[in-house]
Amino acid sequence: MIHVSETLMLQTVEDFLTSDETARLIKIMDSETAGWRPVGQPEVLPAPGAAQQILAEATYRALPAIRRGTPSIAGATPWSYTELIAGQSVPTHLDGIISPRTPPRRIGRIGVAVAEADAGGRFYIETTSDPAPWTGAVLGEADGYLPGTPVCRSLPHAPCPHASPPAWLAGPRKSRWLTDAGAGVAVAYGAQVIHGVTPVISGRLRRFVTDLVDTPPAG
């Protein structure tokens, strides 16, 4: 049974990628994205097969550490790649649980940078006691959750930089928590955690992200 605390978790895996794996991923993406730069909010690209293999192996190694606090997580979906350049950010948003009653359920997300920005580009989460981000609906045993599990609203990250956030997200008073995880360190966070990335001031942030789900990946 999925517990609400799993959807609100925050966990780091400091040795998620080795220095060799980080270098290999950079080399792969240099080849795959030569001449490409994101426009507006960062575009998200499917990671190529060679990168997927490295990240899948890293995820497998990290699962025991991640599952200490989130035992319902069984694996991850295919990884995606994104970049942030100077002036770009990932605005505050809330992914939510996709199809909460149907496996595979997205319990969380995980991201790892292979190159940090020179300044800015820091991942953050925001917490609030305000009820506005919650729908008021609850899930139970028949849905695969402990009875009374609340469900949050959803505003996934999307490339629309001029859109204003809805009142339920913009209105509540929130506290921001910044991470200092460096390249190669994975940050896993619950699907019902408010989060974003601060604007890059200089340099380029290069990052892979994916969903953590309750059903093992096929194969």
Among the residues that make up segment 39-56, is at least one of them of a type in the set (A, V, I, L, M, F, W, C) and under 16 Å from ALA188 (Cβ atoms)? yes
Among the residues of segment 66-87, the number that are charged (D, E, K, R) and buried (at least 19 other Cβ atoms within 10 Å of the Cβ) is 1
If we ask which residues in segment 174-195 are open to solvent by less than 30 Å² (accessible area, probe 1.4 Å) and at pLDDT 95 or above, their number turns out to be 12
Can you find a residue that is charged (D, E, K, R), surrounded by 14 or more Cβ atoms within 10 Å (Cβ to Cβ), modelled with pLDDT under 95 and within 18 Å of the chain's Cα centre (by Cα) anywhere in segment 42-65? yes
Can you pull out the residues in segment 163-190 that are more than 12 Å from ARG122 (Cα to Cα) and either in contact with a Cys (Cβ under 8 Å, 6 or more places away or on another chain) or among the charged types (D, E, K, R) (or both)? ARG173, LYS174
Among the residues of segment 155-166, is there at least one that is at pLDDT 95 or above and either open to solvent by 30 Å² or more (accessible area, probe 1.4 Å) or not acidic (Asp, Glu) (or both)? no
Look at segment 196-216 and say how many of its residues are of a type in the set (Gly, Ala, Ser) and open to solvent by 30 Å² or more (accessible area, probe 1.4 Å). 2
Please note which strands (runs of 3 or more DSSP E) are completely contained in segment 116-207 and include at least 2 residues that are not β-branched (Val, Ile, Thr). 123-127, 134-139, 149-152, 175-178, 186-190, 194-197
Contacts under 7 angstrom Cβ, first residue in segment 173-197 being among the charged types (D, E, K, R), partner part of a strand (DSSP E or B), 6 or more apart: LYS174/GLU126; LYS174/THR127; LYS174/ILE194; ARG176/TYR124; ARG176/GLU126
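The values are calculated or read from the model by the stated rules, or taken from the named source; none is laboratory data. These numbers come from a predicted model, not from an experiment. Here the Cβ is made from the backbone with ideal geometry for all residues, glycine too, and neighbour counts use every protein chain on show. Side chains included, ligands, DNA and RNA excluded: accessible areas come from the protein's heavy atoms. Shrake-Rupley method; radii C 1.70, N 1.55, O 1.52, S 1.80 Å.
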